[in-house]
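Since the structure comes first, as structure tokens, the remarks are kept for the end.
The values are calculated or read from the model by the stated rules, or taken from the named source; none is laboratory data. Computed from a predicted structure; not experimentally measured. All Cβ positions, even for glycine, are placed from backbone atoms using ideal geometry, and neighbour counts span all protein chains on display. Please note that ligands, DNA and RNA were not included when accessible areas were found on the heavy atoms of the full protein model with its side chains. Shrake-Rupley method; radii C 1.70, N 1.55, O 1.52, S 1.80 Å.
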Amino acid sequence: MPRSTLAVLAQLLADQEASIVKEWLETLSTGGQLQSGRIREPELRTQCTSFLQGLRTALAQDSNDTAAPAFAPVKQLLADISKSRAIQGFSPTETAMFVFSLKQPLVNAINRSELFAANSLAGVVWQVTLLLDTLGLYTMDEYQKSREQVIIRQQREISELSTPVVKLWDGVLALPLIGTLDSERTQVVMENLLQSIVEQGAEIAIIDITGVPTVDTLTAQHLLKTVAAARLMGADCIVSGIRPQIAQTMVHLGLELNVVSKATLADAFAVALKRLNRTVVSLKTDPRQQA
Amino acid sequence: MDRIPILKLGDALLVTIQVDMHDRLATALEEDLTNRIVKHKAHGVLIDISALEIVDSFIGRMLDNIAAVSRVLDADTVVVGMRPAVAITLVELGLSLAGVRTALNVERGMELIRLRHGAAERDVDVDNAS
């Protein structure tokens, strides 16, 4: 029984592994993969070797369909590599080049070997190209996916970072809002605030909107919702940090917040302390009073 | 039919809701509470809903009703211990329970009632003195 082209290819990969890896690494380093110092040569070599071994195992099972289970380990390896490339900050081209640069060494190896008849060479090369293209595209898909995950994670981090609940005093919480208030963020803000109210037993929450660029009807409604929810929990809200332009816009829009509002966070804090029957006094007594 | 117990604490009534409220239970509570306010001449009603995980619009309206009835009978209603999730749901439902006073826990709620009632009594004293 004549062996199939793919099985012969697997044989070729086994025979010439060392020289293929060597050539491949050379192509990769001339392509600048190593220059940036983001990846070291031994690591790259390990990745190359294990990819070739995976490819060989898959080919030995006489399959060139990348969706087949024989290719699962290779694809897993590629997915891991693209993920780490995406995190290390490689460009899409550099990531794709990892697979595509294997073509040249592989074709060279096919040329050198005597396993193929001269008239079948073109067909073999075509098959290799097709296979590597599919794998290369798969790498790109994975790269894109990891990048998207990075972006989603960053988005979540930003929205959490920008809605901290700060304890100002026993029973006084501050919620400095920075950035536009949309429905999704309002939800996060509300949940954070209410949770903190329960945890700290706070009586007064100060919502500071100094960092909110614009206040339109929707934003105002979101603010009011937050205030209403806090009130239901048994905490009073004070809104502070309304800038002059925003105050004007609100009046022009006919918005009324119907909550205690103060110009600055300091004023709001003073009100909060007063409600808790506390006050801030100067430690130094006035010398004129002593005399 | 089971009923929700109403405890007398000084001149306030304490209702702790620990079972899932269904509508008939809510109506019964409203009725019982009204009778007890009159019977004990209570000045405050504390409703502890810290164990309630679900508050729908009917229960929300019941709370509002109880507050309105108590106000007529000269008693303050304080809803205490509402969970964050419940608060958010009520706000999204558009029920802000404007007529109901709220507090974080029973202790704070009692303080609130005592404060209000104390202030009212002082006013009466001042009136008598003058």
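Do any residues of segment B:75-94 show a loss of at least 30 square angstrom of accessible area between the isolated chain and the full protein assembly, using a 1.4 Å probe, and if so which?
Those residues are B:Met82, B:Pro84, B:Ala87, B:Ile88, B:Val91, B:Glu92.
Multiplying the sequence separation of A:Ser63 and A:Asp182 by 0.36 nm and subtracting their Cα-Cα distance, what value in nm do you get?
In short, 37.7 nm is gained.
Considering the options B:Met82, B:Ala67, B:Ile37, tell which one lies farthest towards the positive end of the dipole of segment B:6-129, charges being +1 on Lys and Arg and -1 on Asp and Glu at the Cβ, about the Cα centre.
Farthest along the dipole direction, towards plus: B:Ile37.
Viscosity 1.002 mPa s, temperature 20 °C: what is the translational diffusion coefficient of chain B from Stokes-Einstein with a Kirkwood Rh over Cα pairs, rounded to a whole number of µm²/s? The partial results should precede the final answer.
Working: Rh = 15.1 Å.
So the translational diffusion coefficient is about 142 µm²/s.
Quick one: of the DSSP bridges fully inside segment A:107-232, what percent are antiparallel, nearest 5?
35 percent
Excluding ligands, DNA and RNA, what is the accessible area buried between chains B and A, summed over both sides, using a 1.4 Å probe, to the nearest 100 Å²?
The B and A chains share an interface burying roughly 1400 Å².
With θ set to phi - 60° and the Karplus curve 6.51 cos²θ - 1.76 cosθ + 1.60, what are the ³J(HN,Hα) couplings of segment A:222-231 in order, to the nearest whole Hz, using x for Gly and Pro?
Computed from phi, the couplings for segment A:222-231 are 4, 4, 4, 4, 4, 4, 5, 5, 5, 5 Hz.
Give the average over all directions of the projected area of the C-alpha convex hull of segment A:166-275, one decimal, in nm².
Mean orientational projected area (segment A:166-275, Cα hull): 6.0 nm².
Keeping every protein chain present and rolling a 1.4 Å probe, give me the accessible area per residue for segment B:6-129 in Å².
Roughly 52 Å² per residue, with all protein chains present.
Compute the whole-percent fraction of alpha carbon pairs in the protein assembly as shown spaced more than 32 Å apart.
So the portion of pairs separated by more than 32 Å is 60 percent.
For chain A, what % of the accessible area comes from carbon and sulfur atoms, probe 1.4 Å? If you can, show how the numbers build up before the last one.
On the way: 8700 of 15850 Å².
Answer for chain A: carbon and sulfur cover 55 percent of the accessible area.
So for segment A:166-275: antiparallel DSSP bridges make up what percent, rounded to the nearest 5?
If I count the DSSP bridges inside segment A:166-275, around 20 percent turn out antiparallel.
Highest mean first, what order results for A:88-97, A:263-272 on Cβ atoms within 10 Å?
On the way: A:88-97: 16.0, A:263-272: 17.5.
Per-residue mean Cβ counts within 10 Å order the peptides as A:263-272, A:88-97.
For segment A:122-164, what Kirkwood radius comes out of the mean inverse Cα-Cα distance, in Å?
Mean inverse Cα-Cα distance, inverted, gives 12.9 Å.
How much length would be gained if the chain were fully extended between A:Val150 and A:Thr30, taking 0.36 nm per residue of separation minus their Cα-Cα distance, in nm to one decimal? Kindly include the intermediate steps, with their values, before the conclusion.
On the way: separation 120, 0.36 × 120 = 43.20 nm, distance 2.91 nm.
Full extension of this stretch gives 40.3 nm more.
Accessible area, 1.4 Å probe, largest first: how do A:Lys103, B:Lys39 sort?
B:Lys39, A:Lys103
Would you please give the residues with an amide H less than 5 Å from that of B:Thr77, counting only those at least 5 places away or on a separate chain, with H modeled from the backbone geometry?
Those qualifying (amide H under 5 Å, at least 5 residues apart or on another chain) are B:Val45, B:Arg101.
Among DSSP beta bridges lying fully in the protein assembly as shown, give the percent that are antiparallel, nearest 5.
Bridges in the protein assembly as shown that DSSP calls antiparallel: roughly 20 percent.
From the phi of every residue in segment A:86-94, what ³J(HN,Hα) in whole Hz does the Karplus formula 6.51 cos²θ - 1.76 cosθ + 1.60 yield, where θ is phi - 60° and glycine or proline is x?
Once rounded to whole Hz, the list reads 5, 6, 6, x, 6, 7, x, 4, 4.
At a Cα cut-off below 17 Å, give the aspartates and glutamates reachable from A:Lys262, other chains included and same-chain residues fewer than 8 away excluded.
Straight-line reach from A:Lys262, under 17 Å: A:Asp208, A:Asp236.
Suppose every Lys and Arg Cβ carries +1 and every Asp and Glu Cβ carries -1, with no other charges. What dipole size does segment A:166-275 come out with about its Cα centre, to the nearest 20 debye? Before the final figure, lay out each step's value.
Details: 8 positive and 11 negative charges, 44 e Å.
Here segment A:166-275 has a charge dipole of around 220 debye.
What's the carbon and sulfur percent of chain B's accessible surface, probe 1.4 angstrom, rounded to a whole number?
Here it works out to 51 percent.
Between A:Lys274, A:Lys75, A:Lys83, find the one with the highest GNM mean-square fluctuation for chain A; connect C-alpha pairs within less than 10 Å.
A:Lys274
Helix-only estimate, please: 222 nm mean residue ellipticity of chain A, summing -39500 (n - 2.57) across DSSP H runs of length 4 or more and dividing by its residues, to the nearest 500. Present the calculation step by step, with values, prior to reporting the outcome.
Numbers: 12 runs with 181 residues, N = 291.
Theoretical 222 nm ellipticity from helices: -20500 deg cm²/dmol.
Taking only protein heavy atoms into account and a 1.4 Å probe, give the accessible area per residue of chain A in Å². Display every interim value, and only then the final one.
Details: 15850 Å² over 291 residues.
That works out to 54 Å² per residue.
With +1 on each Lys and Arg Cβ and -1 on each Asp and Glu Cβ, how big is the dipole of the protein assembly as shown about its Cα centre, in debye rounded to the nearest 20?
740 debye
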